[in-house]
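Single-structure report; data block below.
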Amino acid sequence: MPRVLVIDDDYKLNDNLKEFLELNYFKVQVASNGIDAMRLLAQQPPDIIVCDMIMPGMDGKTFLQAVQAHDQYRCIPFIYMTGIRDPDDKLHSLQRGAIDYLIKPFMLEELLYKINNIIQLLNRPLLVRADSPAEESVAFVFKTQFEETLKHNYRNPGLSLEDMADKVNMSASALQRKITRYYQSNFSSVVRAYRLKKAEELLRSSDHLIDDIARMCGFSSASYFSRIFKESSHLSPIQYRFRQLDKKNA
């Protein structure tokens, strides 16, 4: 049963949304502001967050920033609710990372359709490419959040699919489905490509030893790094470095 976290300082609206969504087979938690919502996130992260923008204590904008500051919460889709009809405000909200936006008052069925559409996008079969604005938005958010998490963890040679799934608050199978769908690859290949990209940057911009670069980029050994690097670029790390130096000096 999908889990939804509803956040609004209007208690009557919270109760109405909770009752309506539970009738439509969602598990719902409610909070009156961002501070209470952060406590609920720590207990059991939801599949989707529906949040008012203007609230006491911690408003929706600040709450979204707090959510995105945590690796384990960044991938949770975020829908704003607001009575503000300013188009610029809507654009800024989407730019900050919200997936969708609802203007109050809205029909409950509209929220239900938006939630169901997001869930369907997140669980669509493998290898389906983004071919609509909504799906492109979901793909962009997932890849941005996944790569931000990877940036802080790729140096760990023991990094596993299960480790990353835990950090982005997903099951390992769900994370692999998303990686297959949005990268057309598997977890190991995406991580290896990311590490090789970082290694190339260090080979171009530093004088670190090859052994040190292998370690800094999360490869288990210098020999493995050299073999994988050559398979990828058709040059050994040393040959790649010399070629880059020749280009600079040309």
Among Met38, Met81, Met170, the residue with the largest mean-square fluctuation in a Gaussian network model of the chain built from Cα contacts under 10 Å is Met38
Around Asn33 (Cβ within 15 Å, Cβ-to-Cβ, excluding Asn33; K/R +1, D/E -1) the net charge comes to -4
For the chain, longest principal axis from Cα atoms; helix 187-205 axis from its Cα atoms; angle between them, nearest 10 degrees, is 60 degrees
If each part is reduced to its alpha-carbon centroid, segment 201-244 and segment 133-189 end up apart, in Å, by 24 Å
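So what is the relative contact order of the chain, in percent, for Cα pairs below 8 Å that sit 6 or more residues apart? Kindly include the intermediate steps, with their values, before the conclusion.
Numbers: 309 pairs, mean separation 30.6, N = 250.
The normalised contact order for the chain reaches 12 percent.
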Under the Karplus relation with 6.51, -1.76 and 1.60 and θ = phi - 60°, whole-Hz ³J(HN,Hα) for segment 224-236, x at Gly and Pro, equal 5, 4, 4, 5, 5, 4, 5, 4, 7, 10, 6, 9, 6
Rounded to a whole %, the carbon-and-sulfur portion of the accessible area of the chain at a 1.4 Å probe is 52 percent
Residues whose built amide H sits under 5 Å from the amide H of Leu102, excluding neighbours closer than 5 in sequence, are Tyr80, Met81, Thr82
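Would you calculate, for the chain, the mean residue ellipticity at 222 nm contributed by helices, counting each DSSP H stretch of 4 or more residues as -39,500 (n - 2.57) and dividing by all residues, to the nearest 500? Mind dumping the intermediate values first?
Details: 12 runs with 146 residues, N = 250.
The helix-only estimate for the chain comes to -18000 deg cm²/dmol at 222 nm.
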Within the set Ser189, Ser32, Ser171, GNM on the chain using Cα springs under 10 Å gives the largest fluctuation to Ser189
Amide H contacts under 5 Å for Val30, restricted to residues at least 5 apart in sequence or on another chain and with H modeled in the peptide plane, are Val6
In whole Hz, the Karplus estimates of ³J(HN,Hα) for segment 43-50 (6.51, -1.76, 1.60; θ = phi - 60°; x where Gly or Pro) are 7, 7, x, x, 7, 9, 10, 10
For segment 206-222, Karplus-derived ³J(HN,Hα) couplings (6.51, -1.76, 1.60; θ = phi - 60°; whole Hz; x for glycine and proline) come out as 9, 10, 4, 5, 4, 4, 5, 5, 4, 5, 5, 9, x, 7, 5, 7, 5
Note to self: with every protein chain in place and a 1.4 Å probe, the chain gives an accessible area per residue in Å² of 53 Å²
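The values are calculated or read from the model by the stated rules, or taken from the named source; none is laboratory data. Because the structure is predicted, anything quoted here is derived from the model rather than measured. Heads up, the Cβs are rebuilt from the backbone with ideal geometry, glycines too, and the neighbour counts pull from every protein chain shown. Remember, those area values only see protein heavy atoms, side chains included, never the ligands or the DNA or RNA. Shrake-Rupley method; radii C 1.70, N 1.55, O 1.52, S 1.80 Å.
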